[in-house]
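The next block holds one structure in the form of structure tokens; read it before the comments.
The values are calculated or read from the model by the stated rules, or taken from the named source; none is laboratory data. Only a predicted model underlies this, so the values are computations on that prediction, with no experimental measurement involved. In this analysis, Cβ positions are derived from the backbone assuming ideal geometry, glycine residues included, and neighbour counts consider all displayed protein chains.
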Amino acid sequence: MNMKRLPLHWQIITGMAAGILFGLLMTNFQWGANFVSDWIAPFGTIFIKLLKLIAIPLIFTSLVKGISDLKDISSFRNIGVRTILIYISTTVIAIITGLLLVNTLKPGSGVSEETIQELTQTYAGDESITSNIREATLQERGPLSFLVEMVPDNIFAALGNNGLMLQVIVFAIAFGICMLLIDAVKASPVSRLIDGLNAVVLKMVDLIMLMAPFAVFALLAQIVVSSGSVEILQKLLMYALTVVIGLSVMIVLYLLIVYLTTGRSPRWFLNGIAPAQLLAFSTSSSAATLPVTMERVTEHLGVDNEVSSFVLPVGATINMDGTSLYQAVAAVFIAQALHFPLEFSGQLTIVLTALLASIGSAAVPGAGMVMLVIVLESIGFPADKLAIGLALIFAIDRPLDMCRTVVNVTGDAMVSVVVARTLGKLHHVPSSRKE
């Protein structure tokens, strides 16, 4: 079968399946892991770097273009208010869903003392865990600190750091609004420049995506050969199942919202966003997936560019439904396993802290673990047991990170479709653009 004739999401699925099988095959050879690490994994790394390379230019050009094309400040206000309200609402729903599931299924009550000791000895001294605790300590802040951190003091420094994406968004919004406020004749040269840059950046996204099936093959093969102990993963199965059930509930909720607001079928939505979901699963990064998400939502779901160019970059930084749900489950799971008493007031604290922690959190792999430390500290979890708590879930964190990133990206796409529909900016996509 000619791969070029396959829809992109099927090409990516084929690459993922081949990567998993190849990774499993390599685990049977003593030299397999080194071979994958030296000769296969670099292609996945290059792909992720290319996506991150294009993310900031895409956000800046598309956001400025989208706002400057509005011709009316009130239109931007309508998009912004609806977007933020929906994002906050879905994040709260995700956190409450996670708390309901973890309190009902109680996965932490089934973890034996022997398992806790085994996991502690294996992971508590891991540099990834200790670095997450240090990073969370650096991020301790007041209730309005996230507002301060949103405003850049050096736009060139922000443009050079994917972790400062929210600052780039703030500058791009201000830039676009100022283009609306000045005389149209004076703004015209800048507008043409932005249009040209945006077209070039979008073409770069198209070219980078040609590499996607081969890149996910490399990424999945690397994950398989570097996975942790299967026995430990089996012991954490109930915790993982609780998280996956919660994430599945959120996906169903998104599909229901899309159907109720647009009348379109879930299949239409999933077909449109599938390549972005699969890349989110492979890369564990909403930021790296953002260029693809924007292309799919605009070109295949019919969301007007002025909506997607604002909703999706903002969503990649402040909308972390999957990560917030995971934090709720993980925090209560750790409390259950380590016999830390957690009253109703403590669970309310989890809701508020997880919501605030999700705003401005880096849309990169591992950010959820840093946010989890902040959540655990907010409920008074003993500092001397933080490493043990993180060690409990560290073995299975990467596959769950992959799953929750899919939910994050799907939630962003859902909100963009809903906002576009409510503003009359959801267009019919010609059949020639569909896969």
Problem - Residues of segment 64-89 satisfying the condition of being under 19 Å from the mean Cα position of the chain (by Cα) and buried (at least 21 other Cβ atoms within 10 Å of the Cβ) - result: 83, 86, 87
Problem - Qualifying position, being modelled with pLDDT under 75, part of a helix (DSSP H, G or I) and exposed (fewer than 14 other Cβ atoms within 10 Å of the Cβ), among 192, 134 - result: 134
Practice task
Answer yes or no: is there a residue in segment 32-46 that is within 30 Å of residue 195 (Cβ to Cβ) and either surrounded by fewer than 21 Cβ atoms within 10 Å (Cβ to Cβ) or not aromatic (Phe, Trp, Tyr) (or both).
Solution key: yes
Handout entry: Counted residues, segment 213-246 - those being at pLDDT below 90, more than 29 Å from residue 105 (Cα to Cα) and of a type in the set (Gly, Ala, Ser)
Key = 1
Practice task
Mind counting the residues in segment 405-428 that are of a type outside the set (D, E, K, R) and outside any helix (DSSP H, G or I)?
Solution key: 5
Practice task
Would you check if there is a residue in segment 241-252 being touching a Gly at 6+ places or on another chain (Cβ under 6 Å), on the phi < 0 side of the Ramachandran plot and assigned to a helix (DSSP H, G or I)?
Solution key: yes
Practice task
Go through 224, 307, 292, 297 for me and flag whichever is in a helix (DSSP H, G or I), closer than 25 Å to residue 355 by Cα and of a type outside the set (Asp, Glu).
Solution key: 307
Exercise for the section: For segment 176-184, state whether one or more residues are under 21 Å from the mean Cα position of the chain (by Cα) and touching a residue at least 24 places away in the same chain (Cβ under 8 Å). Expected result: no
Handout entry: Residue, modelled with the lowest pLDDT, within segment 360-404, restricted to residues that are more than 20 Å from residue 110 (Cα to Cα), among the β-branched types (Val, Ile, Thr) and in a helix (DSSP H, G or I)
Key = 370
Practice task
Sort out which residues of segment 299-349 are of a type in the set (Ser, Thr, Tyr), within 16 Å of residue 417 (Cβ to Cβ) and surrounded by fewer than 24 Cβ atoms within 10 Å (Cβ to Cβ), and write them in order of number.
Solution key: none
Problem - Flag for residue 202 being at pLDDT below 90 and more than 30 Å from residue 54 (Cβ to Cβ) - result: no
Exercise for the section: Count, please, the residues in segment 390-430 that happen to be more than 30 Å from residue 337 (Cβ to Cβ) and of a type in the set (Asp, Glu). Expected result: 1
Fill in the blank from the handout: Counting only residues that are more than 30 Å from residue 168 (Cβ to Cβ) and of a type in the set (A, V, I, L, M, F, W, C), segment 4-54 contains a total of 19
Problem - Matching residues in segment 339-349 - criterion: being at pLDDT below 90 and in contact with a Leu (Cβ under 8 Å, 6 or more places away or on another chain) - result: none
